[in-house]
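Asks: This is the structure I want to talk about, given as structure tokens.
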Amino acid sequence: MFRAPVRELAGKNVLVTGAASGIGRAVAEYAADRGAVVHLTDVQAGRLAEVADAIRARGGRVGTAEAADVSDHEQVRRLAALVTAQAGPMDVVLNVAGIAIWGTVRSLEHEHWQRLVETIRIAGIDQQSKAFVRARRHFQRRAVSPERAAEAIWRGALRNRYWIYTSTDIRLAHWLQRYFPPGYALAMRIFNYGANRVLPAVEQARRAS
Ligand SMILES: NC(=O)c1ccc[n+]([C@@H]2O[C@H](COP(=O)([O-])OP(=O)(O)OC[C@H]3O[C@@H](n4cnc5c(N)ncnc54)[C@H](O)[C@@H]3O)[C@@H](O)[C@H]2O)c1
């Protein structure tokens with residue numbers, strides 16, 4: 001069914017996954033502040049309820065706040081049925097929960113998604129290690145805040161943009177990837193080397209699988 005692009009948020013039904021924290025929470029608050037009815041889900045039930053209460057407390061409309069694990073097919077089906085029964089089709093769906101993956105939606109198989117989710121679970125991260133703490137501090141100094149990311153996401157989404165940059169770093173990295181692939185490959189090798197030193201368990205799990 002063809003639906004016109006969404007140009008403004010007032011009265012629209014917006015579903016957000018990963019809404020209990022970070023970017024998911026920020027995009028949900030942004031939409032609710034502008035009059036959307038937000039439908040929220042996350043695997044963390046307690047934090048999700050807190051976010052829903054906070055949005056209601058500032059005058060926002062929460063249609064649904066229902067915990068679900070997006071890596072569990074049955075739970076996703078149940079959630080979709082519940083939200084659709086309560087509010088009909090969504091105007092916007094923001095799938096924020098999860099981890100980064102490269103590739104077009106069409107080129108990725110179910111097993112790719114499965115493997116990514118399991119790798120994270122199996123490997124875990126030693127959050128107390130000095131190298132990790134140092135890298136996290138460095139990242140936090142450079143990274144854009146969830147609120148700034150949310151603004152960029154909504155600015156792009158309401159212009160019907162498929163591709164949205166949330167920071168200059170990412171815009172430059174993508175430019176390099178398109179127009180100077182060898183430079184991008186070199187930058188990624190350096191980045192991977194650094195990441196593997198900070199998170200050795202992830203590399204070990206990747207090699208073992
Ligand atoms: N491509 C990029 O440049 C880039 C940059 C930053 C973040 N991201 C991605 O954006 C997403 C959100 O980032 P964030 O900083 O807000 O992270 P975050 O950890 O603050 O929020 C992620 C939320 O997703 C929820 N979640 C995780 N697994 C889930 C599951 N299986 N089912 C349901 N909910 C689940 C968590 O409980 C959490 O509330 C992440 O997937 C992250 O990888 C991408």
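Quick grid of which residues meet (1) surrounded by fewer than 15 Cβ atoms within 10 Å (Cβ to Cβ); (2) at pLDDT 95 or above; (3) farther than 17 Å from residue 90 by Cα:
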{"site": "2", "(1), (2), (3)": "yes, no, no"}
{"site": "10", "(1), (2), (3)": "yes, yes, no"}
{"site": "14", "(1), (2), (3)": "no, yes, no"}
{"site": "17", "(1), (2), (3)": "no, yes, no"}
{"site": "21", "(1), (2), (3)": "no, no, yes"}
{"site": "32", "(1), (2), (3)": "no, yes, no"}
{"site": "48", "(1), (2), (3)": "no, yes, yes"}
{"site": "55", "(1), (2), (3)": "no, yes, yes"}
{"site": "59", "(1), (2), (3)": "yes, yes, yes"}
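Asks: Within 16 Å of the ligand (Cβ to nearest atom) and either in contact (Cβ under 8 Å) with a residue 60 or more places away in the chain or assigned to a loop (DSSP other than H, G, I, E, B) (or both): which single residue out of 38, 43 fits that description? Even if it seems obvious, please write down each step before you answer.
Replies: On the way: 38 fails: either in contact (Cβ under 8 Å) with a residue 60 or more places away in the chain or assigned to a loop (DSSP other than H, G, I, E, B) (or both).
43 is the lone residue from the list that is within 16 Å of the ligand (Cβ to nearest atom) and either in contact (Cβ under 8 Å) with a residue 60 or more places away in the chain or assigned to a loop (DSSP other than H, G, I, E, B) (or both).
Residue-by-condition table, conditions (1) more than 15 Å from the chain's Cα centre (by Cα); (2) within 16 Å of the ligand (Cβ to nearest atom); (3) among the aromatic types (Phe, Trp, Tyr):
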residue: 12; (1), (2), (3): yes, no, no
residue: 16; (1), (2), (3): no, yes, no
residue: 27; (1), (2), (3): no, yes, no
residue: 53; (1), (2), (3): yes, yes, no
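Asks: In region 147-209, which helices (runs of 4 or more DSSP H) lie fully inside it and hold 3 or more residues that are modelled with pLDDT of 90 or more and surrounded by 11 or more Cβ atoms within 10 Å (Cβ to Cβ)?
Replies: The helices (runs of 4 or more DSSP H) meeting that bar are 168-179, 181-198.
The values are calculated or read from the model by the stated rules, or taken from the named source; none is laboratory data. Everything numeric in this text was worked out from a predicted model, so none of it was measured. Because the Cβ atoms are built from the backbone with ideal geometry, glycine has one as well, and the counts that use them run over all protein chains shown.
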